[in-house]
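Some notes on the structure that comes next.
The values are calculated or read from the model by the stated rules, or taken from the named source; none is laboratory data. Quantities reported herein were computed from a predicted structural model and do not represent experimental measurements. Cβ sites come from the backbone with ideal geometry, for glycine too, and all protein chains shown count toward neighbours.
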Amino acid sequence: MTASTTTSSPATTARATASLADIVSRNLRQYGIMIALVAIIIVFAVSTQGRLIVPNNVWTLIQQNAYVVILALGMLLVIIAGHIDLSVGSVVAFVGGIVGYMMYAWDVPWGLAVLAGIATGVLIGAWHGFWVAYVKVPAFVVTLAGMLLFRGLAQVIAARTMAGFPAGFNAIAGGSLPNILGFLANPFAGVLPANSPFGQSFDLVTLLIGLIGIAGLVVATLRSRRSQIAHGLPVEAQRTMIIRLVVISLVILAFTGILAMNLIGGTPIVLMIVAALILVTAFITTRTVFGRHVYAVGGNRAGALLSGVNTARVDFMIFVYMGFLTGIAAIVTTSRAGAAVAMAGQSYELDAIASCFIGGAAVSGGVGRVTGVVIGALIMGVLNMGLSILNVNANWTMAIKGLVLLAAVAFDLVSKRRGAGA
Amino acid sequence: MVVEKPVRELGDVILEMDGITKEFPGVKALDDVTLTVRRGSIHAICGENGAGKSTLMKVLSGVYPVGSYQGRILFEGKTCGFHSIRDSEERGIVIIHQELALSPFLSIAENIFLGNERARHGVIDWGETTTDAVGLLQEVGLDLNPQTKVSELGVGQQQLVEIAKALSKDVKLLILDEPTAALNDDDSANLLRLIQRLQDRGIVSIMISHKLSEIQEIADTTTIIRDGRTIETLDMRDGSVTQERIIQGMVGRSLDSRFPEHTPTVGEELFRIEDWTVHHPADPDRVVVDSASLMVRRGEIVGLAGLMGAGRTELAMSVFGRTWGTGISGQVFKDGKPVDTHTVSQAISHGIAYATEDRKRYGLNLIQTVKENITSAGLAKLARMGVIEVNAETGVAEGFRRDLNIKTPTVEVPVGKLSGGNQQKVVLAKWIYTDADMIILDEPTRGIDVGAKYEIYTIIDRLADSGKGVLMISSELPELLGVCDRIYTLASGRITGCLDRSEATQESLMYLMTLEAPLGETTTESGAALS
């Protein structure tokens, strides 16, 4: 009857199971970027003769890139809503200055200083959010102003470098979870050459965390599947679900296995912080009303307004969340450096923004996923690490990262155009 | 109105459009249209909203390039196929669109010569630009410094700048699409006199207009288009053609069985607006809706008829969370009690829904899924402590997919991939899910095919049968007559009448819709946008 209906394919059986091909084609962008990450890891693993995936380097990789992931998570919401935040690098320096000053000049307990740092980040986010949401100044301008303002203030507060912080504070970025469960002997120790980096014993805490992660994944998948069935919704075929779970479990196992062998000692504390923030942000974007409103505002602001979404409040809260994450990133950065420096955090905003775009967020807003952004940040991190192991000069590294960003987004757009034409 | 117009001798044929057919996906906008325009004439084109007038002019001016339509265009005796506006302009055909296309932050002179700069080797000759601009402004009777920025001009003055721009291109045939729709009476009169002066200079004008008095005043011939077809061409020169005669041509159409049978069960008063007045956001002096009052009962489908620019959408959006307009006064009542609808969420919480006429811009988020669009206005119902019950949500969306027969492979498909009719069903589902009992539908069947229209009408009937009130805005009079129990007419922002289904005819509605505001009142701009 309706001649113009082009999409009415005969998938009318309500209990149809989604096939593997379906899942792949629906998530092509997501898988594309994952494949790119795997390819980059393999290329560098080979060209560095395995040095990239040596336990100690994996440990360093996490430590070095924690700030990018943390900032990119906040930047994702900002970009989905159609905004941008140029200030985060400066805010990292400013908050670092405040935290450092409190510990250095006033001898504030480091836990209190950390809380104050996060609170400062939230306040700065509210400051930006106020101008964007209620005065309607474009975010580009507001955060460009913030970039200058907070860099300037950072230089005032950290006029000279402050160092010598409590060990507890320095452990946030530099420390590992304590090895309280002992070690598991490496069964390959005898086979591998004497000084092989893969011949160490396994830290049991790290392995346990990996197993908990796998168990959590399985439980969550099964629960969601049961709920889907209860609601009479189509579910993933059992076989594809099992394959998917096995593959992801193996990846987690391999990753925690390598990590468990590092000489610096087990699971970095900062990895736990990053993992928690990833889970929280993924929950916000996929499961909460606020997250849904962020997508609605970014995809069609006028439409969201006419659906009763308080768009100004959404804008405001996005920047508050960005500020919260910037505060945490500032603490991680300061802790890692072991010092508060006025020039800290330079070009961090660009790393975060690039991670979002490599991870598939759209410049025009409305699109973006946490998994994509985390992978985007990892791609940048692996490039950094791999190139530095290969002794590539930092200037060349920067140039290569620029080209990767351009190629990722161009590939995305071209493949989308092809998809639309087909 | 006294018509004083010398009976002119018209020249030979300058333009002949023959057998023009233009199709859009699912819709035949023009079907074998013919149009013959003579030298020395002002030629009016009349028709209801959506009859195909603007489409025909876009074909003529090359907005729709040759090949995208069928038929033949003869201009000055030669067959033409324009690939772009530039092509048609080179031949002396210039179109001035309803929405003015000037660049607001450039000066008058820069706008006049935009794309046609007075320049040598890419370097602009400012002396020549200014001198020529002054001359052109004099021709259109605009006494302004050509350096003035266009954003500082009123709509009437901008219209004159558009004409000056056309003159700079040695125009032979000037097409004006609703040129006075956004103008007040003084500016309108001024513009009409200018068109007549241009006529004396030998420039032929084609004018699309809803204002029948204007057509009577200046047109030499009038072609009436209805449902994408040429109905007739009337000779207006001896003044014998009345407005009633033109209306008859515009609406003369039979009602067939395009509408489902429906017996209303009308209950008590549900929704009432009293003394509602709205001003234009960009021009706060202009009254767009003028002391309008209307009422809807439970179980009743009430129509709101009006021509483009009458203020229908503006009325609806200003009521729905004040999403359009400024200087709004009046009172909204729900179940007899005054309610506050200052924000959209307040309106929604009082059970009022508004499904927009522009579903792509305001109704849907095209990159989000069918599911996410359906629940977007009633998401609070699915959330506990701000957390969405995602599986329950999918269940809701699936329910609507079955219930409203939304044709989509799954509810996880981006809504932009659906056909117009199915997109409209998603919009309806979205508002039904808010549990609104007063639903305002703005052009609910615009741009969708006949079969889907029937389904939408059935859904509307079901809503009324479940005790909800429906206020339906539509440009299609047969649709209003076929679906509504009662129809209000709106002209220039005023409610000019309210007819029961039994007494309403297309002619009586059109008469009320073209009742013009008393002299000195201002008229309105077409098409609403969020303020």
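In the stretch B:216-228, how many are surrounded by fewer than 23 Cβ atoms within 10 Å (Cβ to Cβ) and modelled with pLDDT under 90?
Matching residues across the stretch B:216-228 total 4.
Pick out the one residue from B:Gly92, B:Gly135, B:Gly77, B:Gly67 that is under 30 Å from B:Ala29 (Cβ atoms), out of contact with any helix residue (DSSP H, G or I) (no Cβ under 8 Å at 6 or more places or on another chain), of a type in the set (Gly, Ala, Ser) and modelled with pLDDT of 90 or more. First the steps, then the outcome.
Numbers: B:Gly135 fails: under 30 Å from B:Ala29 (Cβ atoms); B:Gly77 fails: modelled with pLDDT of 90 or more; B:Gly67 fails: modelled with pLDDT of 90 or more.
Step by step, each of B:Gly92, B:Gly135, B:Gly77, B:Gly67 is checked, and only B:Gly92 is under 30 Å from B:Ala29 (Cβ atoms), out of contact with any helix residue (DSSP H, G or I) (no Cβ under 8 Å at 6 or more places or on another chain), of a type in the set (Gly, Ala, Ser) and modelled with pLDDT of 90 or more.
Can you pull out the helices (runs of 4 or more DSSP H) entirely within the stretch A:247-329 that have at least 2 residues that are more than 14 Å from chain B (Cβ to nearest Cβ), in contact (Cβ under 8 Å) with a residue 60 or more places away in the chain and buried (at least 17 other Cβ atoms within 10 Å of the Cβ)? So that I can check it myself, show each step before the final result.
Values: elements: A:269-287, A:289-299, A:301-306.
It comes to A:269-287.
Would you point out which residue out of B:Ser168, B:Ser188 is touching a Ser or Thr at 6+ places or on another chain (Cβ under 7 Å) and either small (Gly, Ala, Ser) or not assigned by TED's automatic domain parsing to the domain that holds B:Ser41 (or both)? Talk me through it step by step, then tell me what you get.
Details: B:Ser168 fails: touching a Ser or Thr at 6+ places or on another chain (Cβ under 7 Å).
Result: B:Ser188 is the single residue among B:Ser168, B:Ser188 that is touching a Ser or Thr at 6+ places or on another chain (Cβ under 7 Å) and either small (Gly, Ala, Ser) or not assigned by TED's automatic domain parsing to the domain that holds B:Ser41 (or both).
Pull up the stretch B:342-394, narrow it to residues that are under 18 Å from B:Gly420 (Cα atoms), facing chain A (nearest Cβ under 7 Å) and among the β-branched types (Val, Ile, Thr), then point me to the one that is nearest to the chain's Cα centre (by Cα).
That would be B:Thr356.
Quick check on this structure: which one of A:Met162, A:Met102, A:Met147 is in contact with a strand residue (DSSP E or B) (Cβ under 8 Å, 6 or more places away or on another chain) and surrounded by fewer than 24 Cβ atoms within 10 Å (Cβ to Cβ)?
Details: A:Met102 fails: in contact with a strand residue (DSSP E or B) (Cβ under 8 Å, 6 or more places away or on another chain); A:Met147 fails: in contact with a strand residue (DSSP E or B) (Cβ under 8 Å, 6 or more places away or on another chain).
After ruling out the rest, the residue left standing is A:Met162.
Within the stretch A:339-348, does at least one residue satisfy the condition of being under 18 Å from A:Ile84 (Cα atoms), more than 13 Å from chain B (Cβ to nearest Cβ) and in a helix (DSSP H, G or I)?
At the first step, the residues of the stretch A:339-348 found to be under 18 Å from A:Ile84 (Cα atoms) are A:345-348.
From what is left, the residues that are more than 13 Å from chain B (Cβ to nearest Cβ) are A:345-348.
From what's left, in a helix (DSSP H, G or I): A:348.
For the stretch A:339-348, residues under 18 Å from A:Ile84 (Cα atoms), more than 13 Å from chain B (Cβ to nearest Cβ) and in a helix (DSSP H, G or I): present.
Answer yes if at least one residue in the stretch B:429-451 is in a helix (DSSP H, G or I), farther than 16 Å from B:Glu261 by Cα, touching a helix residue (DSSP H, G or I) at 6+ places or on another chain (Cβ under 9 Å) and away from every other protein chain (no Cβ under 11 Å), and no otherwise.
yes
Okay, residues lined up against (1) over 24 Å from A:Gln49 (Cβ atoms); (2) surrounded by fewer than 20 Cβ atoms within 10 Å (Cβ to Cβ); (3) at pLDDT below 90; (4) out of contact with any Ser or Thr (no Cβ under 8 Å at 6 or more places or on another chain):
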{"residue": "A:Ile353", "(1), (2), (3), (4)": "yes, no, no, yes"}
{"residue": "A:Phe357", "(1), (2), (3), (4)": "yes, no, no, yes"}
{"residue": "A:Gly366", "(1), (2), (3), (4)": "yes, no, no, yes"}
{"residue": "A:Thr371", "(1), (2), (3), (4)": "yes, yes, no, yes"}
{"residue": "A:Leu378", "(1), (2), (3), (4)": "no, no, no, yes"}
{"residue": "A:Met385", "(1), (2), (3), (4)": "no, no, yes, no"}
{"residue": "A:Ser388", "(1), (2), (3), (4)": "no, yes, yes, no"}
{"residue": "A:Ala399", "(1), (2), (3), (4)": "yes, yes, no, yes"}
{"residue": "A:Gly402", "(1), (2), (3), (4)": "yes, yes, no, yes"}
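Could you grab me the full set of residues in the stretch B:395-425 that are crowded, with 24+ Cβ neighbours inside 10 Å and facing chain A (nearest Cβ under 7 Å)?
B:Thr408, B:Leu418, B:Gly421, B:Asn422
Could you list, in sequence order, the residues of the stretch B:293-306 that are surrounded by 22 or more Cβ atoms within 10 Å (Cβ to Cβ) and assigned to a loop (DSSP other than H, G, I, E, B)?
Initial filter on the stretch B:293-306 (surrounded by 22 or more Cβ atoms within 10 Å (Cβ to Cβ)): B:296, B:300-306.
Answer for the stretch B:293-306, where residues must be surrounded by 22 or more Cβ atoms within 10 Å (Cβ to Cβ) and assigned to a loop (DSSP other than H, G, I, E, B): just B:Glu300.
B:Ala316 - would you say it is surrounded by fewer than 18 Cβ atoms within 10 Å (Cβ to Cβ) and either of a type outside the set (Ser, Thr, Tyr) or under 30 Å from B:Asp220 (Cα atoms) (or both)?
On the way: surrounded by fewer than 18 Cβ atoms within 10 Å (Cβ to Cβ): no; either of a type outside the set (Ser, Thr, Tyr) or under 30 Å from B:Asp220 (Cα atoms) (or both): yes.
Judged against the criteria, B:Ala316 is not a match.
Look through the stretch A:214-245, keep the residues that are among the hydrophobic types (A, V, I, L, M, F, W, C) and within 9 Å of chain B (Cβ to nearest Cβ), and return whichever of them is nearest to B:Gly395 (Cα to Cα).
Start the filter on the stretch A:214-245 by keeping residues that are among the hydrophobic types (A, V, I, L, M, F, W, C), which leaves A:214-215, A:217-220, A:222, A:229-230, A:233, A:235, A:237, A:241-243, A:245.
In the following step, the residues that additionally are within 9 Å of chain B (Cβ to nearest Cβ) were identified as A:230, A:233.
On the way: A:Ala230: 10, A:Leu233: 7 Å.
It comes out as A:Leu233.
From (1) in contact (Cβ under 8 Å) with a residue 24 or more places away in the chain; (2) away from chain A (no Cβ under 14 Å); (3) under 23 Å from the mean Cα position of the chain (by Cα), pick out the condition that doesn't hold for B:Ser508.
So B:Ser508 meets the others, but not (1).
Taking the stated definitions as given, is A:Gly232 touching a Ser or Thr at 6+ places or on another chain (Cβ under 8 Å), surrounded by 12 or more Cβ atoms within 10 Å (Cβ to Cβ) and more than 15 Å from A:Pro55 (Cβ to Cβ)?
On the way: touching a Ser or Thr at 6+ places or on another chain (Cβ under 8 Å): no; surrounded by 12 or more Cβ atoms within 10 Å (Cβ to Cβ): yes; more than 15 Å from A:Pro55 (Cβ to Cβ): yes.
So A:Gly232 does not fit the description; no.
Quick one: B:Asp442 ticks every box in (1) at pLDDT below 90; (2) touching an Asp or Glu at 6+ places or on another chain (Cβ under 6 Å) except a single one, so which number is it?
(1)
Each row is one residue, and each column tells you yes or no for (1) among the aliphatic types (A, V, I, L, M); (2) within 24 Å of B:Val37 (Cα to Cα); (3) at pLDDT 90 or above; (4) in the same structural domain as B:Met57 (by TED's automatic domain parsing).
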site: B:Ser107; (1), (2), (3), (4): no, no, yes, yes
site: B:Ala119; (1), (2), (3), (4): yes, no, no, yes
site: B:Glu152; (1), (2), (3), (4): no, no, no, yes
site: B:Gly156; (1), (2), (3), (4): no, no, no, yes
site: B:Lys211; (1), (2), (3), (4): no, yes, no, yes
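Being loosely packed, with under 14 Cβ neighbours inside 10 Å and either in the same structural domain as B:Val171 (by TED's automatic domain parsing) or touching a strand residue (DSSP E or B) at 6+ places or on another chain (Cβ under 6 Å) (or both) narrows it down to one residue among B:Asp275, B:Asp290; which is it? Let's see the steps before the verdict.
On the way: B:Asp290 fails: loosely packed, with under 14 Cβ neighbours inside 10 Å.
Criteria check complete, one pass: B:Asp275.
For the stretch B:319-355, which residues satisfy the criterion of being in a strand (DSSP E or B), more than 17 Å from B:Leu463 (Cβ to Cβ) and not charged (D, E, K, R)?
Scanning the stretch B:319-355 gives B:Thr326, B:Gly327, B:Ile328, B:Ser329, B:Gly330, B:Gln331, B:Val332, B:Phe333, B:Pro338, B:Val339.
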